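Engineer: Have a look at this one before I ask anything.
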């Protein structure tokens, strides 16, 4: 398992904070797909409904004293499965911590 903190190089930066992906070095494709499906099902049960990253619904939130408007997701997690990537995206530290306690 590989956890990445998102920055400007990553999709969903500013909306989500982390993404988690299976590593491909030692597992076959079938095992990797099944593990990802288990992760996604668990997230749906624990965090509620998620969505594919391209369908994330966002709304603006107040930027505070620096007056920079930011966008925030309405869901705590999402997934991305295009281009042979299998990633779960998490909105905050608490959501990632809960996932890591179960699967890490």
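Engineer: What's the total number of residues in the stretch 72-101 that are over 18 Å from residue 11 (Cα atoms) and surrounded by 20 or more Cβ atoms within 10 Å (Cβ to Cβ)?
Structural biologist: The qualifying residues number 2.
Engineer: From 43, 69, which residue is crowded, with 16+ Cβ neighbours inside 10 Å and more than 15 Å from residue 6 (Cα to Cα)? Write out each step before concluding.
Structural biologist: On the way: 69 fails: crowded, with 16+ Cβ neighbours inside 10 Å.
That would be 43, the only listed residue that is crowded, with 16+ Cβ neighbours inside 10 Å and more than 15 Å from residue 6 (Cα to Cα).
Engineer: For the stretch 54-96, which positions are under 20 Å from residue 23 (Cβ atoms), in a helix (DSSP H, G or I) and under 13 Å from the mean Cα position of the chain (by Cα)?
Structural biologist: Answer for the stretch 54-96, where residues must be under 20 Å from residue 23 (Cβ atoms), in a helix (DSSP H, G or I) and under 13 Å from the mean Cα position of the chain (by Cα): just 96.
Engineer: Give 40, 32, 8 a once-over and let me know the one that is at pLDDT below 95 and closer than 18 Å to residue 82 by Cα. Full working, then the answer.
Structural biologist: Values: 40 fails: at pLDDT below 95; 8 fails: closer than 18 Å to residue 82 by Cα.
Result: 32 is the single residue among 40, 32, 8 that is at pLDDT below 95 and closer than 18 Å to residue 82 by Cα.
Engineer: Say whether the condition of being without any contact (Cβ under 8 Å) to a residue 40 or more places away in the chain and under 13 Å from the mean Cα position of the chain (by Cα) is met by at least one residue in the stretch 37-44.
Structural biologist: Quick first cut of the stretch 37-44, residues without any contact (Cβ under 8 Å) to a residue 40 or more places away in the chain only: 37-38, 41, 44.
Pick out the ones that are also under 13 Å from the mean Cα position of the chain (by Cα) and you get 44.
Checked the stretch 37-44: at least one residue is without any contact (Cβ under 8 Å) to a residue 40 or more places away in the chain and under 13 Å from the mean Cα position of the chain (by Cα).
Engineer: Another question, if that's okay. Would you mention how many residues in the stretch 14-33 are surrounded by 13 or more Cβ atoms within 10 Å (Cβ to Cβ), out of contact with any strand residue (DSSP E or B) (no Cβ under 6 Å at 6 or more places or on another chain) and either part of a strand (DSSP E or B) or free of Cβ contacts under 8 Å to residues at least 24 places away in the same chain (or both)?
Structural biologist: Final tally of qualifying residues: 1.
Engineer: Here's another thing I want to ask about it. Taking residue 80 as meeting all but one of (1) touching a strand residue (DSSP E or B) at 6+ places or on another chain (Cβ under 8 Å); (2) closer than 27 Å to residue 103 by Cα; (3) without any contact (Cβ under 8 Å) to a residue 60 or more places away in the chain, write down the number of the exception.
Structural biologist: Here residue 80 meets the rest and fails (3).
The values are calculated or read from the model by the stated rules, or taken from the named source; none is laboratory data. Every value quoted in this text rests on a predicted model; they were computed, and no experiment measured them. Every residue, glycine among them, receives a Cβ derived from its backbone with ideal geometry; neighbour counts consider all protein chains shown.
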